Amino acid sequence: MSFIEMKNICKKYAGAEKNSVTDFNLSIEEGEFIAFVGPSGCGKSTTLRMIAGFEEITSGDFYIDGKRMNTVLPRDRGISMVFQNYALYPHMTVEKNISYGLKNMKVPADEIKKKVDWAIEILGLSEYRYRKPKNLSGGQRQRVALGRAIVKNQKLFLMDEPLSNLDAKLRVSMRSEISKLHRQLGSTTIYVTHDQVEAMTMADRIVIMKDGVIQQVGKPMDLYEHPANKFVAGFIGSPQMNFYAVKVTGTTMIFSDGNKMHLPESVVSKLNGRQGAFILGIRGEDIKLDPQNLDLYKDNIMSATVDSVEVMGNENNLYFNFGGTGSVARVSKYEISKPGDTIDFTFVPSRMHFFDTQTEESLF
Ligand code: ADP
Ligand code: MG
């Protein structure tokens, strides 16, 4: 049995018409950093709160370290939790905020001091030890909240959107601080976020949810390269993957605007005899405009007119209409185009994703 086992966990809130979480199955190994990601309302917090014990599990079984936890009180589950709104005590100093929970747990004073010193050191809060929350920046407050969680020395950390109150730059630096902290402490962590970039950059494995149902569990690059369905393909990655309604006949793929592409044997064999209507997906970086790729795929050059350009500094996003829909290509900063330019491009065949039009499941 893994450190955490969740078997067919369902949650139906009293009075609700449908489940908020349905048949959630997951095993987590000790020391893993797991991210729950998905759009607002998909059931991430509900799942986390069932793990913490703040919300009753309607059905299913939940184990920590082999012990069934469904009805164990939150304080007896060996968990510490960091919330989005920090929930610091405004009248207490940094030091007092961090030590408060330990005092309540009746930890001896010398041990408390040792732990608080350690947390203050590890989180870089030494200068702020005697300050109150109102005199701290958002990032410092978030670190105090982390400090309060880590001194409890629990086996499982739960974090619910801990960075969403911070500005963009601070979010990026706190991301790596939390990752570093996880590497130092090695404690099993479940991190809830609606931000796919946080999930991609921080997690060992990602659990992606939609409407209370797990869509896929995997390492960040597995989800990126091998999305199980169109939802995962569209949720992970920015700008979003391009999707097209296409028809495949033999080795020809026809787009809804009449454009045709020739499918090489490598793609046809993956389709394994399937013909007809599909959803084609291709990421912006797999639409190529550079001379080498245009030469390599010279039988399959398409053209379009650029509608708009996003200059990102390190790269450019080119927006254009193709295949009956708005499309985006991510190109290097050296490939400059402006609205109105005609561009030639090609889709890298090995990077094409095909989804069933009905189920939206990935075909390979
Ligand atoms: P997320 O954290 O992914 O944004 P939540 O877990 O908060 O999503 O919510 C999942 C679903 O459960 C939503 O439809 C939400 O409206 C519903 N929900 C959340 N909390 C309650 C509650 N206390 N009572 C009834 N429904 C709730
Ligand atoms: Mg939530």
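The values are calculated or read from the model by the stated rules, or taken from the named source; none is laboratory data. Owing to the predicted nature of the structure, the values given are computational and were not obtained by experimental measurement. A quick note on method: Cβ atoms are made from the backbone with ideal geometry, for glycine too, and the neighbour counts reach across all protein chains shown. For accessibility, only protein heavy atoms count, side chains too; no ligands or nucleic acids. Shrake-Rupley method; radii C 1.70, N 1.55, O 1.52, S 1.80 Å.
Karplus-derived 3J(HN,Hα) values for the stretch 265-279, using 6.51 cos²θ - 1.76 cosθ + 1.60 with θ = phi - 60°, are 3, 4, 7, 4, 5, 5, 6, 6, x, 6, 10, x, 7, 9, 9 Hz; glycine and proline are entered as x.
On the protein heavy atoms, probe 1.4 angstrom, tell me the percent of accessible surface of the stretch 1-135 carried by carbon and sulfur. That share works out to 49 percent. Built from the Cα atoms of the stretch 73-176, the convex hull projects on average onto 6.6 nm², one quarter of its surface area. For the listed peptides 217-225, 34-42, a ranking on the average number of other beta carbons within 10 Å per residue, highest first, reads 34-42, 217-225. In whole Å, how far is the Cα centre of the stretch 36-68 from that of the stretch 294-364? Rounded to whole Å, the Cα centres lie 40 Å apart. With a 1.4 Å probe and every protein chain kept in, tell me what percent of the accessible surface of the stretch 147-230 is carbon plus sulfur. About 48 percent, which is the carbon plus sulfur part of the accessible surface. Helical runs assigned H by DSSP (4 residues or longer) give the chain a calculated mean residue ellipticity at 222 nm of -7500 deg cm²/dmol, each run adding -39500 (n - 2.57) before division by the residue total. For Lys18, the lysines whose Cα falls under 25 Å of its own Cα, not counting residues fewer than eight places away in the same chain, are Lys7, Lys44, Lys210, Lys230.
Largest mean-square fluctuation among Gln84, Gln275, Gln216, in a Gaussian network model of the chain whose springs join Cα atoms under 10 Å apart, belongs to Gln275.
Sequence-ordered 3J(HN,Hα) estimates for the stretch 145-152 from the Karplus curve with 6.51, -1.76 and 1.60 and θ = phi - 60° stand at 4, 5, x, 4, 6, 6, 5, 6 Hz, glycine and proline given as x. Cross-link partners of Lys338 among lysines, defined as those whose alpha carbon lies under 27 angstrom from its own and excluding same-chain residues fewer than eight positions apart: Lys260, Lys288, Lys298. Over all projection directions, the Cα-based convex hull of the stretch 16-140 averages an area of 10.3 nm².
How do His194, His182 stack up against each other in accessible area, from largest to smallest, with a 1.4 angstrom probe?
Largest accessible area first, the residues go His194, His182.
Given the options Glu310, Glu55, Glu177, which has the most mean-square fluctuation in a GNM of the chain, springs set between C-alpha atoms less than 10 angstrom apart? So, out of Glu310, Glu55, Glu177, the one fluctuating most is Glu310. Net charge of the neighbourhood of Val306, taken over other residues with C-beta under 12 Å away and scored Lys/Arg +1, Asp/Glu -1, is -4. Mean sequence separation of contacting Cα pairs (under 8 Å, at least six apart), scaled by the length of the stretch 58-131, corresponds to a relative contact order of 24 percent.
Amide H contacts under 5 Å for Glu55: Met50, restricted to partners 5 or more places along the chain or on a different chain, H placed in the peptide plane at 1.01 Å from N. Between Glu30 and Phe3, the built amide H atoms are under 5 Å apart, and every one of these is 5 or more places off in sequence or on another chain. Any idea what angle helix 109-122 forms with the longest principal axis of the chain, computed on alpha-carbon atoms, 0 to 90 degrees, nearest 10? The two axes meet at around 30 degrees.
Taken over the alpha carbons of the chain as equal point scatterers, the Debye sum produces base-10 log I(q)/I(0) values at 0.09, 0.11, 0.13, 0.15 Å⁻¹ of -0.64, -0.86, -1.04, -1.21.
For the residue pairs Lys114/Lys152; Lys132/Lys155; Lys113/Lys155; Lys113/Lys152, the C-alpha atoms sit more than 23 angstrom apart in Lys132/Lys155. Comparing Val213, Val348, Val107 in a Gaussian network model of the chain where C-alpha atoms under 10 Å apart are linked, the largest mean-square fluctuation is found at Val107.
Among the chymotrypsin sites (Phe, Trp or Tyr not before Pro) in the stretch 225-334, those placed in a DSSP loop whose Cβ has at most 11 other Cβ atoms within 10 Å are Tyr334.
Counting only alpha carbon atoms, the long axis of helix 94-104 and the longest principal axis of the chain meet at about 70°.
Do any chymotrypsin sites (Phe, Trp or Tyr not before Pro) in the stretch 114-201 lie in a loop, going by DSSP, with at most 13 other beta-carbon atoms within 10 Å of their beta carbon, and if so which? For chymotrypsin sites (Phe, Trp or Tyr not before Pro) across the stretch 114-201 that sit outside H, G, I, E and B with at most 13 neighbouring Cβ atoms in 10 Å, the list reads Tyr130.
Whole-Hz Karplus values for the stretch 300-313 come out as 10, 8, 10, 9, 7, 9, 5, 8, 7, 10, 9, 8, 9, x Hz, taken residue by residue from phi with 6.51 cos²θ - 1.76 cosθ + 1.60 and θ = phi - 60°; glycine and proline positions read x. Summed over the residues of the chain and divided among them, the accessible surface reaches 48 Å² per residue at a probe radius of 1.4 Å. Taking amide H atoms as placed 1.01 Å from N in the peptide plane, the amide H of Arg131 lies under 5 Å from those of Val94, Glu95, each 5 or more residues away in sequence or on another chain.
Which percent, nearest 5, of DSSP beta bridges in the chain are antiparallel?
Numbers: 55 of 73 bridges.
Within the chain, antiparallel bridges account for around 75 percent of the total.
Between helix 168-185 and the chain there is an angle of about 60 degrees, using the helix long axis and the longest principal axis of the Cα atoms.
Each principal axis of the Cα cloud of the stretch 126-212 was taken in turn, and the coordinate range along them, longest first, works out to 43, 29, 22 Å.
In square nanometres and to one decimal, what's the mean projected area of the convex hull around the Cα atoms of the stretch 288-364?
6.1 nm²
So for the stretch 1-110, averaging the separation of alpha carbon pairs under 8 Å that are six or more residues apart and normalising by length, what relative contact order in percent results?
With pairs under 8 Å counted, the relative contact order is 26 percent.
Taking 1.567 mPa s as the viscosity and 4 °C as the temperature, the Stokes-Einstein diffusion coefficient of the stretch 98-156 based on its alpha-carbon Kirkwood radius rounds to 111 µm²/s.
The mean sequence separation of alpha-carbon pairs under 8 Å and at least six residues apart, normalised by the residue count of the chain, gives a relative contact order of 15 percent.
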